[in-house]
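Inspection log for the structure reproduced underneath, given as structure tokens.
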Amino acid sequence: AQSVTQPDIHITVSEGASLELRCNYSYGATPYLFWYVQSPGQGLQLLLKYFSGDTLVQGIKGFEAEFKRSQSSFNLRKPSVHWSDAAEYFCAVGAGYSSASKIIFGSGTRLSIRP
Amino acid sequence: EAEVAQSPRYKITEKSQAVAFWCDPISGHATLYWYRQILGQGPELLVQFQDESVVDDSQLPKDRFSAERLKGVDSTLKIQPAELGDSAMYLCASSAGTGVNTGELFFGEGSRLTVL
């Protein structure tokens with residue numbers, strides 16, 4: 001079964017600074033990988049996804065993530081954060097091609113922005 | 001822009017009472033998911049529907065939880081009786097295709113349950 005670990009519970013960065021959120025996954029084959037963002041009291045929104053091909057994927061709001069098979073990682077990056085990026089970020093892994101396949105979420109990393 | 005609709009947004013109930021949540025997915029989306037998100041944790045899949053059929057309910061506490069999607073469109077999640085540990089956000093999501101290769105789950109704003 002697949003699983004995903006987000007080792008950082010809470011990260012604070014200054015506005016304008018760069019950001020990297022860590023994500024490690026466990027799955028026997030090539031997984032599908034996702035990053036979602038959740039603003040307080042809201043549902044989740046997809047930032048980006050990796051299925052295959054180029055290991056550096058671009059998403060919305062200036063985010064990107066890099067799939068590294070050797071490290072079982074899919075870290076999220078942004079070169080310069082804005083105060084509006086403060087939110088909870090979830091990495092997720094999916095597996096399987098059938099309708100019974102499912103997406104498993106990590107426990108999340110809360111991002112705070114220092115003015 | 002099409003959205004996943006959920007109601008109620010907030011529900012406060014006493015333990016042992018019954019509670020129900022409703023979800024209307026984006027029109028045409030065949031797959032519907034119910035997730036439970038406990039404060040400070042990631043969403044946990046409770047049940048997944050493909051049209052009107054359940055394809056995964058392995059994490060659904062079936063002694064007290066039930067879910068249905070009778071016509072393959074909207075869905076209801078019920079808890080009876082509610083327990084203190086059920087306090088959480090209940091998220092509904094939908095996707096256009098089958099399986100994770102659809103790429104994107106569209107989430108509703110959730111229903112926050114507080115059990116007293």
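The values are calculated or read from the model by the stated rules, or taken from the named source; none is laboratory data. The structure presented is a predicted model; accordingly, all values stated were derived computationally and were not measured. Counting neighbours? That spans all protein chains shown, and the Cβs are built from the backbone with ideal geometry, glycine included.
Below are the figures for this structure:
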quantity	calculated
Residues being assigned to a strand (DSSP E or B) and farther than 29 Å from B:Tyr10 by Cβ - total across segment A:34-67	10
Checklist (1) more than 8 Å from chain B (Cβ to nearest Cβ); (2) closer than 24 Å to B:Ser94 by Cβ; (3) in a strand (DSSP E or B) applied to A:Phe90, failing item	(1)
So A:Ile104, is it at pLDDT below 90, of a type outside the set (Lys, Arg), outside any loop (DSSP other than H, G, I, E, B) and out of contact with any Phe, Trp or Tyr (no Cβ under 8 Å at 6 or more places or on another chain)	yes
Filter result for A:Ala17 (more than 28 Å from B:Ser111 (Cα to Cα), out of contact with any Leu (no Cβ under 9 Å at 6 or more places or on another chain), surrounded by 12 or more Cβ atoms within 10 Å (Cβ to Cβ) and not acidic (Asp, Glu))	yes
Those residues of segment B:67-79 which are among the small types (Gly, Ala, Ser) and either within 13 Å of chain A (Cβ to nearest Cβ) or part of a loop (DSSP other than H, G, I, E, B) (or both), in sequence order	B:Gly72
Residues within segment A:13-33 that are among the polar types (S, T, N, Q) and either in a strand (DSSP E or B) or free of Cβ contacts under 8 Å to residues at least 12 places away in the same chain (or both), tallied	3
Single residue of B:Leu105, B:Leu91 found to be closer than 27 Å to B:Thr13 by Cα, surrounded by 19 or more Cβ atoms within 10 Å (Cβ to Cβ) and within 14 Å of chain A (Cβ to nearest Cβ)	B:Leu91
Residue within segment B:52-66 that is in contact with a Gly (Cβ under 7 Å, 6 or more places away or on another chain), more than 30 Å from A:Leu111 (Cα to Cα) and within 14 Å of chain A (Cβ to nearest Cβ) present	yes
Test set (1) within 11 Å of another protein chain (Cβ to nearest Cβ); (2) touching a residue at least 24 places away in the same chain (Cβ under 8 Å); (3) surrounded by 17 or more Cβ atoms within 10 Å (Cβ to Cβ); (4) not in a strand (DSSP E or B) - B:Ala82 fails condition number	(1)
All positions within segment A:1-14 that are surrounded by 12 or more Cβ atoms within 10 Å (Cβ to Cβ) and either at pLDDT below 90 or at positive phi (or both)	A:Gln2
